[in-house]
Every structure is written in C-alpha cells, then in structure tokens.
C-alpha cells in the first residue's frame, strides 16, 4: 500500500517500470515506509497537506525545473522572477495563505528556486524593528507587492562583525533627513539578495551620526529604484555581483550610496528614535533582535540543510543499488556497489546523520518555541542558551551536512559529477550555508564562550541552563563497556560523548586560565585557545545530538518496526562519531584501545544491518522525482536511460560554430585523403 | 630584487600600487623567495624557461581567460578549440617542440583550458599498443592534425572494472573486418573527452569475439565522423553528455555503435593479433600496459592536483592579510584575519601539504624514472611497488588537495563563494581528480593488497621492496618524546607515523586471517576488512610522505633561510597529521595523552611561526595574476576594487526582460502612488 502510493506520486518517471535491482530492495523493508514518512512530517495529516502542496506546485508547468541544469545565470534569474510572480496567483487560486498550514511546504516544493525571498526579510525586519506607524505604512505596500524589498546589511569589507560596518547615515536637522553614504569602496553593500536587479526598496544598515557623534548601527528604509521605470534613484549605484558557485536564480547585488537623503521617518524606530531636534532616544529592550538571529539560524536548518542532505542520500543510495561494479564473489554477477563495505561506510553514516539532525531540529524548534513563550512574558532568561545552541548547531549541522552531500556526490563516481545527477548543485548550494547567517567558526566560538562561562559558573556551584548542567557532573574515569554489544547501549555511548565534551571544555578553560595567570593578555589568551575552543563547542553539540536521538528513539512507538530501525541509526550515528574521532575518546584513557576495537566492530556490523533497509530509509523522505531533479535518483532507478535521454537535450548538442571556424580549416588539408 | 621581478611579472594588476597590508607581509620574509621558486622549479634555468613560456602564452590575447567565469558551456568549448588550434601556430612561431624543455610548461600556462587533450591520449595509446606498421600509418596523421583523436574506454555502466565492459567486436572472417556494437544502453561509451563534438576518430575498447569465443578487452581504431563534413559515420550515434561540475571546455561525449565495421588492421596489435583465418596470437609482455597506468597517475599529480592547491593557497593567504575583521585587541584597528589562530589552522596546514606533496611528487618521479630504466632492460621487478605507490599516492594526494582547496574556499567567507575569487572553479575541477584515472577507494584497496602481501612476506622473512621493508621493523612500544620540542624532531614523528602504518597493516592482516580461519570465504573476509584496509593504505602513504619531506629538508642548502622554513613546514605537515588523526597514534598507547598534548602545543606554536612567512611562501609558487584569475588573489591585493570592477562586466548586469515581463506588471498598480 505504502509502496503504491509512493509509486503513484513519482510523476517524473516517464520510463515506466522500476529497475528490478531497485525494486527488490523495497520488498524486504523491516518497517512501514509510510509510517516513517508520517513520523518525519509530524503526523499523517501533515503528510497529506505536504503532498497536496507538492502535487499542486509540481503539476504546474510554470514551476518546472526540467531545463535548470542547462540554463545561464540570466535565464535562471528570469525563471525565478517568473515563478515568484506566478506563485502569488497560485496561492490565491489554491486558497493558501501565509498563516495557513500549507505555507511552510511551498518553499520545499519549489526547491527554493524562486525570487523575492529577501522581500520577506524586508517585511520581517520592518515588523520587528519598525514602529507601529512604520509597520502600518510599509507592510501593506509590501504585502501587495507595490514595492519589492531587500535587506542591505553585509558590505564588501564587512560581514559578521556588524560594528565594523562603514556605511554612514548623518542626521540633518535643517531638512529633517538622514544623508546616507558608502564613503569607501569597502563600505559598498555587497551580497543582498533580490537587490542586483529586482528591488525597489531596501533596509540599509548604517552608522548613525547626529551632531558629529556616532550612535552605532541603525536600519533605514531606502528607495533604490524608480517605481515608474525601475531606473536607479539619484545617488544610487547598484547592480548584480556576478557569477557565484550556486544561487544563479538570485540577483545578489551591490549598492553604492552617494548623499542619498531619506526622511527622518525612514529610520526604523521601535527601539531607537531620533527626535526632530536631533535628540537620540532609546526605548524598550533590544534583546528581541538577538532572538531574531536565533530564529533565522534555526529556521534555515530544515529547508536549506537537512533537505539537501536527504536528497543527496536518496540519489546516492538508489544509484548504489542499481550500479553494479566488479565481482564480490568469483563467478557471480557483478555486485551492487552498496554491497561493498567501503560504499556502506560512505553513505550510511550520512543517512544516520540526516535522521539524527532531523530530530535535533525538532529539539531546537521546541526549545525555541518555549523561549518565545517566555519572551512574550518579558522573561529573557533563556536567550543565552538559545543563542549558544542555535549558533553551535547551525555550524555543526551545516558543516556535517555539507560534508555529507560531498561524500554522496563522490560515492557516485563519474555520474555524480554530472550536473544531471543533481548532486553538484545540491553541494554547491548547501556549501553556502556554512558561510551565511554567521560564519561557522565564529558561531562555534560564540558557543564556546557560553560553555566556558557556564563551566566556570557550574564549577563554582552556581546554577546554569539545563543543556549545560552536565558540565558539573561527576566524571566517570573509565567507560564501563565489556564487549562490543555494550556499545549498542545508548547509556554507554551517550556518557562517552558527555565525557569528551566535559574534558575538552574543562581542559581549554584551564589552558585559558593558565595563560592569563602567566601574564598573557586576555584577548591574546583567548586567541591562543580558539582551535581548542572550537573543538569543545563541536563536542558539546555532538553530545546533545546523540543524547537527543537516543531519547527520541526511546519515545517512539514500538510497532511497525520504526523504533527498531531508528535505534540502529542512532547507534550508527553515535558509533560513527566515535570511530571517526577516536582520539578524543582515547585521549585520557576513558575508552581503552580494546574498547575502541569493540566500537569499530559494532560500527562495521551495523553497516551491514542498516544496508538492508537503506532504500526504504531514503524512500521515507518522500521526495518526488521532480524535486530530486536527478538522473541517478529517480524512483524507478532507470539511471542509464535517463542520463542518455537528458544529455541529448543539452544545448551542447546544438550545432557549434567551432567546426566551421576552427576544426574544418585544421582538417582541411586532409579531406578525402584518408 | 626578487620582489621587483615578481612585481614586474604580474601583468594582470592594472590597478597599480600594492595594498599596504599585503606589502608589509613581504618586507619580513625570512628567506629568499626567488631561491625557493628555483628550488620548486628544479633550478633557476627551469624558472627562466617557465617564465618565458608563461609570458609568451599570457601576453597573447587568444589565450585570455578574462571572461571565463561569465561564459556558457558552449562558449567555453569554442574557446578551448580556438586555443588548441592557435596553440599549434604559437608553438611553431616560438620554436617549441613536443620534446623541447618548454613543452611541459605550456599546459600549466594555459591553466589546462584547451581542447584536444585526448588527441594526445589517442596518440599515446597507438604508440604503446600499436604495431610498428600501425604507428607508421596513424601517428603522422595525428601529428599533422589530419584527424582528431579520442579514447573511448569508459562506458555508461562501467568505469574502473575494465573486464566488465560490454562493447563487442566480432571478427568476420569473410570480410576480414571487426563488427563493433554497443549492445545495451549501459554499454554506450560515456565520458571520453573531445568525443562529444570534435573527434573524427577514437580508440574503442571492446570485448573481442572470434568464432563465438571471447578473448577479452582489446583496442580498435574507429572513425566516427566524416572528414568531409564532420557528419557522423554510418552506425555511429555520438554527442555531448551535457553539463558537468566543471570541464565546461571539454566536450565529454557518448558513443553508440551499431554494426560498425572496421578492417582487421584497425585492432591495435602490438601484443595480440588476429590472423586472417581468425587465429588469435599473443606476443610480447603486456606488463608495459600496467606501467602506462602508473605513468598517467603520477603525471597528473603536478598539473591537476598540486597546482590547484598552490593556487588556492595563494588566493586565500593573500586575501587573509588584506581582509580585516573584528578586533583582536580592544581599541586597535580591526585585525587581519590571518592573525586569528583559527584562520591559521585552516590555511597553513594546506600550505605545508602543498610543499610536502610537491616533494612526494619528486620522489615518485624519480622512482618512476628508475623503474622505466629497469623496464627498458626487461626487468619488471619494480612494477608492483610502483603500482602500489602510484595508486596510493594518486588517491591520498587528490583527496588531501581537494579537501585543502575546499578549506581555502570556505576560509574566504562569502567572497570565496563568488566565481570571481577563482576558488569555486579550482574546487570543482580538482574534485574530478578523485574520480578519474581510478576511483580513489579502489586505488587505496590496490595499495592495501600490496601491503598485506608484503607484510606476510616480510613476516615470513622473505625480501620485500624497499618502500615496505619497514613493515618487518622491530616495533618500539612507546614514543620516546619527553617535551613538546622533541616533537620537532623528524626522527620522533617519522617513527610515530611508521608505527601507525605497521599497526594498521598488521592488525588488519590479523583480522583477515582470523576471519578466513573462522570459515568466512576469502572474498567476504576481504570485503569485511576494506574500511580498515583503506586506513592502512592511507597510513602507509602518509608515513612515506612525512619521511620523504624530512629527508628532503635534510638535503637542502642551509643558506638563504630555505632549509629553516622548509623544516617548519615539514614539522607542521607531520604534526597536523598527528593532531587530526590522534586516535591512530593514541590507540595502543604508543603516544600517551601527555605526549598528544605536547603535539598540540608544538603544532599550535608552529602556526604562529609560519604565519609570519605565509605570504612569501605563496609568492614562491610564482603564479601570475592571469593564471590565478582571481579577484581575491592578485599580487597587488586590491581585492575590493577588483571585485567591483569585475562584477560590473558580468552579463547579469545587462538589461533583463524580467522587468518588462514580470516586475512592471506586478508593480504596475502602484505607479506614482508612493
């Protein structure tokens, strides 16, 4: 039944029958694929809604991505704008609203290949940072698309360090205006999406100056293009920043401001206001800003990071049971490459990570919702913990998933390298997530700063937030495992992870203190510890991910085989981490060499167990062929036929002027002589 | 003086003065950059010849790569063909010949961005596999470009496992012809370069059948396109396989053969001949084929793997002293990002690896030349060792350098993600080297097979090749280091690497034997050990690379500061490997936790030392601005100006139809209302 439904949904498969090498993998699933899909979606009703959205979007030819891999950057941009405009109509037709249950599935169904994403950030920044009057003026205009917004924060010379931004906004009391300038080339706004070619307005972040005094970074609404003819406004230079590794559909832009004047009312003034006489007034708590960053970092995990890894796993796993190469046993047919231990060792840990981080994401969402409720009650206590966890996990999950997609790509050999596999564009896109919304190393150091602070507090017997109370735990000095099966006990491996996180935090805290006590200045001491601080932050997140996965498995229904397979994946996720970072576990003798050999044995055993369910486990992600957009990963596994048919449509098979211009003259002398 | 010369050569810098943040880095070099360049080139005379070639190529506008990042796949292909044709003329003009000293620098000077590379493989395969008569017929035609050759081995369904190829060549005694067919879709030739659009001929590898009996894989010369009008020959379907992650300039192709007949003389017959009556005759030793694969794997390391890593290091290092971000010390100017320990820890180990593998490549070249001399004397004894080392190092170096380029890219934040940085295309191109000429995992398993065999032989007291005699060495049970300075002793760390390589090889050999003795079939046992066999092969190569680097440093001249800085890099390369794979060294207690802390301390200390010479160390690679083709990496460090100027030239800044078609109607209702 589940099989039939999935089969029906894979409308992209025009080739018909399922490759028998793939079909056979589905016969022996140890669990209900349909139930696992519902678990991932958060309930069968959610699955139904999601599928309805996907069906509506993917059956509409305007949203087709069929020729995407053949298109130029200009064509991709135009298609994204076309889709964004069409989406308005579609939503109206379907009765979908921004507050409806369908909304969150639209972006996934479009694979993010749509313009005006920054328009939403423009609106959100006005909602969060604007006064009631500003919200009343701008939000309706934006909602009705009577303007197209963007968000101009990053500069050519400044990213993560906001205080360093060089754009200025000088208040002119005489005219009641702010005069905006990008005084140096490094102050030019650079990267804002939708700004290169589309936006009419943007929120510019600039250093506010009143009567010669700098008040720091503030946001200003600035019109950059005419609403009449889209020409640039006076004092504005703007354009597209050119080709990138991906995001061809987005017109990331640059913006130069030369004496651009905006009225006093255009400074977003929920928290700070400039009075007509130039008096600067602060009002309310700005902590909510802090919370917004947290929200953004958590929200990107699902669509921008987990979905690409799940797609890559789907493509690589299906391909690996269709591709046959060399013989495992002499005299037999060539083996499916997924039957090789080395191939299992590449793909299955990525699959386990996809599930692990899916549950981490649930955990973060829940924590975030709790934090939000507290903040509504003006209680900001949870903010530091939320900030530390969202920063750390943004870094750890993007890094892990990016590496995972690359492994999937490379595991498909030459065919993975073809754009038609879908894997290169998944990789080049997910890679950006390691950089945007906070560069990963900097985020990990923020988490580390929180850890060190909490470790000191906990050591002094002071209370610390729930996720770090373990730092004060009494340390076991030795792992109690006696044989390889003990390492399939969540208590055993969770405690090992905990031990490593404590050790790395405490030893780095000690090094930091030693350096400071020996006379090294605080900032130098910090810099000399940063490599180890990053390790501590990663270990902390890894511990929480393992612990959360184990707890999630415990709570799962025991029917339908789901708990059992999730337990295997949890074990694999945990043991793969120990196997690949064995030094951290061996270091102080917590784990002995003999125990590490048990870990290795259990880990390798698990590969063979999970391999049997590999295809059902990726089927449960429930991607349609259109959303995978891959010649290797389609539901029917007709890899070679699809590669061939697709390649024939490539523009590189049109007539090339190269023959008449270069090849013919070169070969000319020999015509009819051979 | 050295500075002046380099400055003079960077013709791409039209902006003029060197960024003072970059200039200051060059004032304090601890060694002579010019002498280090000469060392890398193999002598000052080689440097002179190389620079002359680079100057001749890069001053010729036909070879320009200025608009490369803006071009479509079709434009890239046409440019590559144009360049290949022009190169013939250029070589004639300059008096360069294929046997001259300039030849090896041409490809590097062109950054590989040229067509007809497979034409050379076509010629080589005829020279190696053809009879004297065949050579006499085809080589002159190819040399004069009276045909364009390709090399059709890989199939849609088969790569590394050649015995599995499905293309057939059936001998027809009646007509004295071979009839070639690709009987299934998976048998279609897929990937051959220059075949999609350019080639007129190719060497097809097919299963030979005579009187119904299969004789295995043989090579056949097949004409695929007319020399009159370039139309496909009867029975041939061929075309381009479409977009890839890189190699846009190459027309990788597909080829279907349907009853294509070629005369008996077209089977390359140096080693095997089919007589007119269908008698199959073997002649001579085919071991030379084996040697050819070795030659190819070693030859790609320099241009395809080391050069990209060196370029990436140059770009990322120069950018990291120009980019300033956040403050290290309160109240001071923002710091150069290379002053952060975390940034040093990203970039400097890659720099050390680039030097380490440069010397490994010298070692492999020397070994190869020795092997070649022996083979001329009909002595094939060195072949297994050469095969094992070339396979293992091909895998280890491509893997390490690919990861290194990615680290450099990510270390440049958002700007690294722009194609204009040059880093994305370096990454997407070097990535392919992990797959072509033998997939890395398979190659490492070949090395492992050799290791296991030699370990068994050595254990039994039998003689083994020089590179593996250490496997029989008496094992020290403990690392003798007493303090962190001891870890700057090559003896200490080389022995640690040796210990790990022995331990991983011996323990895996033991596991393999145990499994077989417990009744597991040999091929299953092998498969169950492959994850660990791969580890052993990597450890072996890593050991040899460290040992060779240390020995190279020892032999260097002590003047001009070169030996000293190379010693630092050698230490960094070795300690970074221990730091990042600490589990392997801690496992059996060879290295204690206290010693591992010493390694960490020495490693982190080295980062700060080498950081001072980072820019001179990349300057010594001596890349011109044109060959870097990077807005971030130019010799003058005028990063922001160059990004801005370059972006303005992007086709994405031309008028887009999207405004009239989509944006204007969307915004229409609001015209003049805001």
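General observations
- The protein assembly as shown: proportion of alpha-carbon pairs further apart than 67 angstrom, %: 6
- The other copies place their residue B:482 label points at 4.3 nm from this one, listed shortest first, where each point is 7 Å from Cα along Cα→Cβ.
- Region B:331-415 - convex hull of the alpha-carbon atoms, volume per residue in Å³: 96
- q = 0.19, 0.21 Å⁻¹: log10 I(q)/I(0) that the Debye formula gives for region B:599-674, counting C-alpha atoms only: -0.94, -0.99
- Overall, the ratio between the Cα radius of gyration of region B:145-283 and 2.2 N^0.38 Å, rounded to two decimals, is 1.03.
- Overall dimensions of region B:47-115, expressed as equivalent-ellipsoid semi-axes from the Cα gyration tensor (√(5λ), whole Å, largest first), are 22, 12, 10.
- Rg to Rh, two decimals, where region A:260-339 supplies the alpha carbon set and Rh follows Kirkwood: 1.55
- Distance from region B:72-126 to region A:545-566 (C-alpha centre basis), Å: 59
- Both numbers refer to the Cα atoms of region A:211-272; Rg and Dmax are 15.1, 44 Å.
- Percentage relative contact order, region A:437-591, counting C-alpha pairs under 8 Å, at least six apart: 29
- Semi-axis lengths, largest first, of the ellipsoid equivalent to region A:162-201 are 22, 16, 8 Å, with √(5λ) applied to each eigenvalue of the Cα gyration tensor.
- Inverse of mean 1/r across different Cα pairs in chain A, Kirkwood, Å: 27.6
- Among A:195, B:293, A:245, sorting on how many other beta-carbon atoms sit within 10 Å of each Cβ, with the fewest leading, yields B:293, A:245, A:195.
- Share, in percent, of DSSP beta bridges within chain A that are antiparallel, nearest 5: 85
- Residue order, fewest to most surrounding Cβ atoms within 10 angstrom, among A:175, A:200: A:175, A:200
- Relative contact order, whole percent, for chain B stands at 17, derived from Cα pairs under 8 Å and 6 or more residues apart.
- Neighbour-count ranking [beta-carbon atoms within 10 angstrom, fewest first] of A:412, A:272: A:272, A:412
- Placing a label point 7 Å from Cα along the Cα-to-Cβ axis, residue A:237 is separated from the same position in the other copies by 5.4 nm, shortest listed first.
- Cβ-vector label at 7 Å, residue B:376, separations to other copies in nm: 8.5
- Inter-part distance where region A:198-253 and region B:162-206 are each reduced to a Cα centre, Å: 58
- Whole-Å distance, taken between Cα centres, linking region A:303-336 and region B:312-364: 37
Every number here is computed from the coordinates shown, using simple stated rules; none is lab data. Predicted, not measured: the structure shown is a model, and the values here were computed from it. In this analysis, Cβ positions are derived from the backbone assuming ideal geometry, glycine residues included, and neighbour counts consider all displayed protein chains.
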